[in-house]
Amino acid sequence: MAKFELKLPKMGESVAEATITTWLKEVGDTIEMDDAVLEIATDKVDSEVPCEVEGVLVEKLFEVDDVVKVGQTIAIIEIEGEGSADTTPEESKEEIAPATVEVIETEIATVTETVVAKADFSESSKFYSPLVKNIAAAEGISVAELENISGTGKDGRVTKNDILQFVEDRKAGKTATPSSPVLKEQKNTPAAPAKKTDAPKATPVVASGEDEIIEMTRMGKLISHHMVDSVQTSAHVQSFIEADVTNIWNWRKKVKGDFMKREGENLTFTPIFMEAVAKAIRDFPMINISVSGDTIIKKKNINLGMAAALADGNLIVPVIKNADQLNLVGMTKAVNDLANRARNNALKPDDIQGGTYTVTNVGTFGSIMGTPIINQPQVAILALGAIRKVPAVIETPDGDFIGIRYKMFLSHSYDHRVVNGALGGQFVQRVKDYLEAFDVNREF
């Protein structure tokens, strides 16, 4: 019998690792070709890893919540035939981390009785996987030490290899980190008195017997940390403007039937709005930037993020790449494709990478306006309010009169560190101008 190494496949541009969320097969299970063996997650996208061969699963090299790099062996499949893989399971484990999987599990399990104080990692605003927290607890690593570890994972996240390397460096005396209260207790050294801080602490929440306690989902936790980080990073400012979209409303109503017949796509308002946003970004390229320390990175491509609601109530932001190069038909196909795959949990990791500006439609839920939080590392986000029929003053050569118009609010949130009020206001004004100047005789 031969052995086949199932490796973590490449999942898209800039995706270097993934977290195992579920094993769909157990040791001893028979696997058909293209059967899904496990589920993985990269940030907010869940994917399945299929098997390229037929055989029997004989060994799993990682557990749930482990972080795996692209190209690493994650399982051994026994297949028909002679010979074996170039690397044995034991060798694969050595490539995974400085210590073997067995050693890691032992370190986590053997927390000695001398450890009388345990770090509360919930005090940290950063996200750490359960495995990283377990290793930190077993090794007596404090919150301060953990936060000082330079992570090599996505968005600087600390991976298993990072914390194991930190442990080795600390044992070798190569690191100078804040003192850990756990280590002080082990050395029978009195801990320094805690310094007073002016930062307010969260008020403890006590649940009564009739309250329901609901554990946050993995995606919910990621979104929570992402939103808090954004508010702490960017100085949020908002500008609001009302746009008359009567021409767009009437034009879409007139052509949507023919559009469906010719293109096989449902024409919604979203691609029309995204087209206007892409044009405005070309006019104001300094809204299409990111901040790195004291420098500004001006993005060459206009990649529009499109916030989409999932069935569980969470949001995900797939990205329309090079949106300014698409005509209305191309934009419609891109919007519908990403929205459908988001609803069916079929997005690929690369589908949510590389966004330079985000648009969110709060009008979908009936809101007339909103104050969206910036999707880091971008510097601005536009919220589209609900389209409403309202009485309005209409200016004509023969004078002003009152009429019924279709209007909506545009809410623009931007990072006041690098986007001043003039740029933020002029940009959303330009989007309004494009919407109101829509050609009712346009051919799609």
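Across region 279-289, rounded Karplus estimates of 3J(HN,Hα) from the backbone phi angles (6.51 cos²θ - 1.76 cosθ + 1.60, θ = phi - 60°) give 5, 5, 5, 4, 6, 10, x, 6, 8, 9, 10 Hz, Gly and Pro being marked x. Please give the net charge around E265, taking every other residue with its beta carbon less than 12 angstrom from that of E265, where Lys and Arg add +1 and Asp and Glu add -1. With Lys, Arg at +1 and Asp, Glu at -1, the net is +1. This ranking places I287, I77, I297, I402 by how few other beta-carbon atoms lie within 10 Å of each, fewest first, which gives I402, I297, I77, I287.
How would you order 430-440, 375-385, 206-216 from highest to lowest mean count of nearby Cβ atoms within 10 Å? All intermediate terms of the calculation are to be shown ahead of the outcome.
Details: 430-440: 16.2, 375-385: 23.3, 206-216: 6.5.
Taking the mean over residues of other Cβ atoms within 10 Å, the ranking is 375-385, 430-440, 206-216.
Quick check: net charge around F409, other residues with Cβ under 15 Å of its Cβ, Lys/Arg +1 and Asp/Glu -1?
+2
Cα centroid separation, region 376-415 to region 246-261: 20 Å. Label-to-label distance, T152 versus T203, with points set 7 angstrom from Cα along the beta-carbon direction: 4.5 nm.
Full extension of the segment from D400 to T21, taken as 0.36 nm per residue of separation minus the current Cα-Cα distance, would add 130.2 nm. Taken along the Cα-to-beta-carbon direction at a fixed 7 Å, the label points for E265 and Q429 span 3.3 nm.
Find out how many positive minus negative residues lie around L6, taking Lys and Arg as positive, Asp and Glu as negative, among other residues whose Cβ is under 12 Å from that of L6. Each step should come with its number before you reach the end.
Details: positive: K3, K7, K25, K60; negative: E5, D35, E52, E59, E78.
My count for the surroundings of L6 gives -1.
Subtracting the Cα-Cα distance of S224 and K253 from their residue separation scaled by 0.36 nm leaves 6.6 nm. Full extension of the chain between R388 and K279 yields a length gain of 36.8 nm, computed as 0.36 nm times the residue separation minus the alpha carbon distance.
Rule-based calculations on the coordinates, nothing more; no lab input. Only a predicted model underlies this, so the values are computations on that prediction, with no experimental measurement involved. We place every Cβ from the backbone using ideal geometry, glycine too, and count neighbours over all the protein chains shown.
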